[in-house]
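Remarks on the structure that follows.
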């Protein structure tokens, strides 16, 4: 009985960590759009913050992947969707960084919208009633 209780407690902690990381990631991606808009409107200074936050977002997504994998291992049969979607988002963010450095706005801007939408879907899915236990 104690083992089951401890296991549920740890799984709950991992779920809270995953929700927190996804929310911070979503907020950081939203801030990226603000920096991009400022840069596209002619301001030069925000491009440096846009670059730094891009690397921070990649780090957050890598952390999210680790936590998703831990959740998947702790809860067999659950969490595969979150782990696989996080891998896809991480790869897309790598492409996003490359297209930013390569100055391909025709690819860079739509990828940013796609990434925001994907992470938003993850957040909604994590907080949905009933689905939150099966992240």
**Item:** Number of positions in region 96-120 that are farther than 20 Å from residue 40 by Cα and surrounded by 12 or more Cβ atoms within 10 Å (Cβ to Cβ)
**Value:** 3
**Message:** Here is a check on your reading of the model: is residue 55 exposed (fewer than 12 other Cβ atoms within 10 Å of the Cβ) and outside any loop (DSSP other than H, G, I, E, B)?
**Reply:** yes
**Item:** Candidates 20, 53, 88 - the one that is in contact with a helix residue (DSSP H, G or I) (Cβ under 6 Å, 6 or more places away or on another chain) and on the phi < 0 side of the Ramachandran plot
**Value:** 53
**Prompt:** Would region 102-114 turn up any residue that is closer than 16 Å to residue 18 by Cα and assigned to a helix (DSSP H, G or I)?
**Reply:** no
**Fill in**
Counting only residues that are part of a helix (DSSP H, G or I) and either more than 17 Å from residue 56 (Cβ to Cβ) or touching a residue at least 60 places away in the same chain (Cβ under 8 Å) (or both), region 78-94 contains a total of 9
**Asked** residue 42 versus (1) loosely packed, with under 12 Cβ neighbours inside 10 Å; (2) part of a helix (DSSP H, G or I): which is the lone unmet condition?
**Response** (2)
**Message:** Can you confirm whether residue 69 is under 20 Å from residue 123 (Cα atoms), assigned to a helix (DSSP H, G or I) and within 12 Å of the chain's Cα centre (by Cα)?
**Reply:** no
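We did not get these values from a lab; they are worked out from the coordinates using the rules stated. Keep in mind that this is a model prediction, so the values were computed, not measured. Note that each Cβ is placed from the backbone with ideal geometry, even for glycine, and that neighbours are counted across all protein chains shown.
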